[in-house]
Amino acid sequence: MTPRSVRPLAAALSALAVVASVAACATEAPGGPGGGPSQDAKIAFLMPDIASTRYELYDAPLFKAKVRDLCGGCEVLYQNAGGDAAKQQQQADSVLAQGADVIVLDPVDSAAAASTVRTAQGRGVPVIAYDRPIPAVRADYYVSFDNEKIGAMIGASLVEHLKAAKAEGGLLQVNGSPTDAAAGLIKKGVHSAVDSSGFTLLAEYDTPAWEPGKAQSWVSGQISKFPGKIAGVVAANDGTGGGSIAAFKAAGVAVPPVTGNDAELAAAQRIITGDQYNTISKPIRIVAEAAATAAHAFARGEKPRGRTTLFGAPAELFTPTVVTRENIAEVLVGDGKPLKTAEVCTATYAAACAEAGVT
């Protein structure tokens, strides 16, 4: 072969190598070693309210940190609706306009959020339901704690405590928001523990937007209606539990055992002082990081399978822990625990912390 014929052959082989390389990249999984959509994906994290302090203090920072670990070039579009369903819809429209590749949504209104899911999915954007389900449509994924089990756990814990104390009287049940499907699951779980407990359910209330002030107002009315007859209060979260406790204090009567859920800082302090009986410790890191991992998988073009199914969506449901004064040092407060001793045991609570073994 002459030197002149070698040069065209070498050029042809080089061109073929380039084509093969491009083809190989095209078949590589998105976000793989060669880069891809997940490397600069936009992931929306839309939270429902600020009435529960957890979203600003824990969920959002933990979610962002995990996304950053998984994908340094990814951007988290964080919004909080402040309890306004219409505002949350506007926020969803905004992140879609900004080019969100995945939406993680904790809905203010579970029914209204169905339109958000349909719109996003219609544009090829997967939606992960976070903490609260969206029953009317099939989300692409669902990450939460087992909310029905949470209700059963706080209800059963209270009933067991009241029976051990030989308490007399009936119960008040302070549920969460009527527009929140997770609140409905908690409510169902509470009933499973309370209805067969032997304690009369004096009254129950669905608290609009989970607002502690509205829970307080309702409980205040029940204190007047059932004077001396309220043995305990099953409140669906720490906010409504705190509102219930405030109602008894304002009425100048003894505070009966009151439940909670979310393990907020203020709730931990109330438990240590004996004002609140229990709460639910659900390490938010677990859920936030699971949602971030699933969102990153969707950005890579993958579909997480989940461990179970809820409302038609593949789901991960985690089981939390009931916290009372007896186990708060072991489960909730201290080194390596969700809450730090220094932030819980301020000067006001130092003596109570020492008495409860929280050091």
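The values are calculated or read from the model by the stated rules, or taken from the named source; none is laboratory data. Worth saying up front: this structure is predicted, and the values here are computed from it rather than measured. Methodologically, a virtual Cβ is constructed for each residue, glycine included, from the backbone with ideal geometry; neighbour enumeration extends over all protein chains shown. All accessible areas refer to the heavy atoms of the entire protein, side chains included, with ligands and DNA or RNA removed. Shrake-Rupley method; radii C 1.70, N 1.55, O 1.52, S 1.80 Å.
So here's what we get for this one:
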{"read-out": "Acute angle (nearest 10 degrees) that the helix 3-27 long axis makes with the longest principal axis of the chain, alpha-carbon atoms", "value": "20 degrees"}
{"read-out": "Among the listed pairs K187/K214; K163/K188; K64/K87; K229/K337; K64/K303, those beyond 26 Å (Cα-Cα)", "value": "K229/K337"}
{"read-out": "Selected from V331, V234, V174 as most flexible by GNM, with the chain as the system and alpha-carbon contacts under 10 Å", "value": "V331"}
{"read-out": "Overall Cα dimensions of region 45-102, principal axis frame, Å, largest first", "value": "32, 28, 10"}
{"read-out": "Under Karplus coefficients 6.51, -1.76 and 1.60, residue-wise ³J(HN,Hα) of region 336-341 in Hz, glycine/proline x", "value": "x, 9, x, 10, 7, 4"}
{"read-out": "Selected from G241, G122, G72 as most flexible by GNM, with the chain as the system and alpha-carbon contacts under 10 Å", "value": "G122"}
{"read-out": "Region 172-274: relative contact order as a whole-number percent, Cα under 8 Å and 6+ apart", "value": "28 percent"}
{"read-out": "Packing-based ranking, highest mean first, of 280-293, 340-353 given that Cβ atoms within 10 Å are counted", "value": "280-293, 340-353"}
{"read-out": "Calculated over region 224-349: convex hull of Cα atoms, volume per residue (Å³)", "value": "148 Å³"}
{"read-out": "Residue-normalised accessible area of the chain, given per residue in Å² at a 1.4 Å probe", "value": "44 Å²"}
{"read-out": "Mean residue ellipticity (222 nm) of the chain, computed from DSSP H runs ≥ 4 via -39,500 (n - 2.57), nearest 500", "value": "-14000 deg cm²/dmol"}
{"read-out": "Table column - 3J(HN,Hα) (Hz), region 237-248, Karplus curve with 6.51, -1.76, 1.60, x for Gly and Pro", "value": "8, 5, x, 5, x, x, x, 5, 4, 4, 5, 5"}
{"read-out": "Percentage relative contact order, region 161-218, counting C-alpha pairs under 8 Å, at least six apart", "value": "44 percent"}
{"read-out": "Carbon/sulfur fraction of accessible area - the chain, other protein chains in place, 1.4 Å, %", "value": "54 percent"}
{"read-out": "Gyration tensor (Cα) of the chain, equivalent ellipsoid semi-axes in angstrom", "value": "50, 21, 16"}
{"read-out": "Region 160-260 shape via C-alpha gyration tensor axes, a/c threshold 1.5", "value": "oblate"}
{"read-out": "Region 211-294 pair-distance distribution - Cα-Cα, 5 Å bins, rounded %", "value": "3, 16, 25, 21, 14, 8, 5, 4, 3, 1, 0"}
{"read-out": "Anisotropy class of region 83-131 from Cα gyration tensor, a/c 1.5 cut", "value": "prolate"}
{"read-out": "Calculated FRET efficiency for the pair K249/N327, C-beta based, R₀ 22 Å, to 0.05", "value": "0.30"}
{"read-out": "Cα gyration tensor shape of region 120-193, rounded if a/c is under 1.5, else prolate or oblate by comparing a/b with b/c", "value": "prolate"}
{"read-out": "For region 152-212, fraction of C-alpha pairs farther apart than 13 Å, in %", "value": "60 percent"}
